[in-house]
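Right, one structure below, let's go through it.
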Amino acid sequence: MKNNHKFIALIPAKKNSQTVKNKNMFVINNKPLIYYTINESKKSKMINDIYISTDSKKIIDYGKKFNVNVINRPKKYSSNNNRAKDVIKHFIKSLNS
């Protein structure tokens, strides 16, 4: 029986965290941290589409190298006061527009 469900991976990757600036581009074993998240998402047989939500030009450019969908996250959804649900709501609105 074929499964007709579509699964989407959302990778929230803002430019600066509270403790480490641009941590998603921090290099570990010659690869930026976000590489590992993208790579594991691509390996999954369950995930149909991958999206990165970010306010970073570097992360946008990096994500495009891997042919993942990138959503430019507005600054108002990138502050340390925002919750994950705010980022998810913005993501859903972006998909529907």
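Where a number appears in this text, it was derived from the coordinates with a stated rule and is not lab data. A quick note: this is a predicted structure, and the numbers were derived from the prediction, not measured. A quick note on method: Cβ atoms are made from the backbone with ideal geometry, for glycine too, and the neighbour counts reach across all protein chains shown.
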| query | How high is the FRET efficiency from LYS58 to LYS85, r the C-beta distance, R0 25 Å, rounded to 0.05? | reply | 0.45
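Tell me what the chain gives for mean residue ellipticity at 222 nm when only DSSP H runs of n ≥ 4 count, each as -39,500 (n - 2.57), the sum divided by the residue total, rounded to 500 deg cm²/dmol.
Calculated mean residue ellipticity at 222 nm is -10500 deg cm²/dmol.
Suppose R0 equals 25 Å; then what is the FRET efficiency for ASN48 and MET25 from their Cβ-Cβ distance, rounded to the nearest 0.05?
Values: r = 26 Å, r/R0 = 1.04.
The value I calculate is 0.45.
I need the Kirkwood Rh of the chain: take the reciprocal of the average 1/r across all distinct C-alpha pairs and report it in angstrom.
On the way: mean 1/r = 0.0708 Å⁻¹.
After inverting the mean inverse Cα-Cα distance, the result is 14.1 Å.
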| field | Spin-label pair TYR36/HIS5, simplified geometry with 7 Å Cα→Cβ offset, distance in nm | value | 2.7 nm
